[in-house]
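Nothing in this text is a laboratory measurement; each read-out follows from the coordinates by a stated rule. Keep in mind it's a predicted model, so treat the numbers as computed, not measured. For neighbour counting, all protein chains shown are included, and Cβ atoms are generated from backbone atoms with ideal geometry for every residue, glycine included.
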Amino acid sequence: MTSISNLIEGFQRFRERHFERNDSLYQHLVKEGQTPKTLVVACCDSRVDPALVLDCEPGDLFVIRNVANLVPPSENRAGHHGTTAAIEYAIRILAVEHIIVLGHAHCGGINTLVRTGGVNNPDSYMADWMCLAESARASVMAEMPQASLDEQLHACEQRAILVSLENLMTFPWVSERVESGTLALHGWYFDIEHGQLLRFNATTKCFEAL
Ligand SMILES: [Zn+2]
């Protein structure tokens, strides 16, 4: 387990190895501002750090992390729409050219959704949040009721990525850019057990290893 003192020591190592040696990059990013070309929507899961998995430098990725890497649809109801606000910033201010929804195997959020049968619980913020993926769970259960729980979970993890891609298209400032060719959407899945990265192929309708 990482203790607070380990984290402070880690920051010292970061300063020595990356910040001080890489000073010009940080100074450039401060002077010129950030210009990431890619937005990644990833899970909070401690094993799925997009910058680490994709071996990126500071300034490369604009990252949103939430439980189960979900994107809500466009909606007018009041609330604090953290994920939606960050997506809007990435699109309308930073003008990113790609959005990757990065799902992963052994997702705790999807596990909870499947185990609870998609039932909402007014006492749980997480249950309400995971209802965003209920259509993914319901379709997987209808299509593969006899499959093992692991197979259902992996299918639901991947299906939820597609739900988020569909939800992205409900925002006019996303759909207009996709249709004009200035923005591309991608569904990726990180298999943390086998160290594989899979990409959704819209033609074959399958996730395929990269
Ligand atoms: Zn997860």
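Close amide H partners of Phe207, meaning residues 5 or more places away or on another chain with modelled amide H under 5 Å apart, are Asn201. Give me the distance between the Cα centres of the stretch 75-116 and the stretch 133-210, rounded to whole Å. If you average the Cα positions of each part, the centres end up 13 Å apart.
Here each label is just a point 7 Å from Cα along the line to Cβ, and for Ala78 and Glu134 those points are 2.3 nm apart.
Just tell me the longest site-free run in the chain, where the sites are trypsin sites (Lys or Arg not before Pro) in a DSSP loop having at most 16 other beta-carbon atoms within 10 Å. Don't skip to the answer; put the middle values down first.
On the way: sites that count: Arg21, Lys37, Arg47, Arg77, Lys205.
With trypsin sites (Lys or Arg not before Pro) excluded where exposed in loops, the chain gives 78-204 as its longest stretch.
For Ala184, the amide hydrogen comes within under 5 Å of the amide hydrogens of His98, Ile99, counting only partners 5 or more places away or on other chains and with H modelled in the peptide plane.
Couplings 3J(HN,Hα) for the stretch 36-44, derived from phi with the Karplus relation 6.51 cos²θ - 1.76 cosθ + 1.60 (θ = phi - 60°), are x, 9, 10, 9, 10, 9, 10, 7, 5 Hz, where x marks Gly and Pro. The sum of -39500 (n - 2.57) across all DSSP H runs of n ≥ 4, divided by the residue count of the chain, sets its helix-only mean residue ellipticity at 222 nm to -11500 deg cm²/dmol. For the chain, the calculated P(r), taken from all Cα-Cα distances in 10 Å bins from zero up to the bin holding the longest distance, is 8, 30, 34, 21, 7, 1 percent. The H on the amide N of Arg65, modeled in the peptide plane, is under 5 Å from the matching H of Ala42, each at least 5 residues off or on a different chain. Dipole of the chain computed with +1 at Lys/Arg Cβ and -1 at Asp/Glu Cβ about the Cα centre; of Val96, Pro122, Thr112, farthest Cα towards the positive end is Val96. Kirkwood hydrodynamic radius computed over the stretch 93-204 comes to 15.2 Å, based on all pairs of distinct alpha carbons. An oblate overall shape is assigned to the stretch 6-119, the ratio a/c of its alpha-carbon gyration tensor axes (a ≥ b ≥ c) being 1.5 or greater and a/b not exceeding b/c.
So between Leu94 and Glu166, what do we pick up on full extension, going 0.36 nm a residue minus the alpha carbon distance?
Numbers: separation 72, 0.36 × 72 = 25.92 nm, distance 2.16 nm.
Value of the extension gain: 23.8 nm.
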